[in-house]
Amino acid sequence: MVAQIPVKDSRYHEECRVLPRLLLRLLGQEWLDAQLLEKEAAGRLWMPVLTTEEVDILFQQDPLARIRGQVQRAIRYWDDAQFVPIGGPVPFPEGELFFVADEWYLVPATAPSH
């Protein structure tokens, strides 16, 4: 499956700027003022390249478990994404592409015939 968002890079997506602020607001001043060990679990959300499974595990633990529903309802990242048909044109001229596959393999390039 291939999908595309209309933004050339996810870091420029509006939600990638808004969601961290929402998380901080929902976690509250008490969390911000807490000691390092108390912030550790929720702080891992700011790590790059977390898998879906890793994020799910983090949201099963407090303090994130308490705000999970609010965060999930706020996420709209994929609302404007579109599927890219196999062999078809991309919907957005400069949008970032995402690939999902059950298995990956590389096909060796063949030498051009003359």
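Values quoted throughout were computed directly from the atomic coordinates according to the rules given, and no laboratory measurement underlies them. Given the structure is predicted, the values throughout are model-derived calculations rather than measurements. Cβ coordinates were reconstructed from backbone atoms using ideal geometry, including for glycine residues, and neighbour counts include every protein chain displayed.
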- Task: Pop a pseudo-label 7 angstrom from the Cα along the beta-carbon direction at both A65 and Y12 and give the gap in nm to one decimal.
- Result: 4.1
- GNM top mover of G87, G95, G69 - the chain, alpha-carbon springs below 10 Å: G87
- Message: What's the magnitude of the charge dipole for the chain around its Cα centre, counting Lys and Arg as +1 and Asp and Glu as -1 at the beta-carbon? Answer in Debye, nearest 20.
- Response: 320
- Can you sort D80, D56 so the residue with the fewest Cβ neighbours within 10 Å comes first? D56, D80
- Message: Which residue fluctuates most in the GNM of the chain (Cα springs below 10 Å): A34, A81, A65?
- Response: A34
- Angle in degrees between helix 64-74 and the longest Cα principal axis of the chain, rounded to the nearest 10: 50
- Item | Residue among I57, I86, I75 with the largest mean-square fluctuation in a Gaussian network model of the chain, springs linking Cα atoms under 10 Å | I86
- Give the order of Y12, Y105, Y77 when sorted by the count of other beta carbons within 10 angstrom, beginning with the fewest. Y105, Y12, Y77
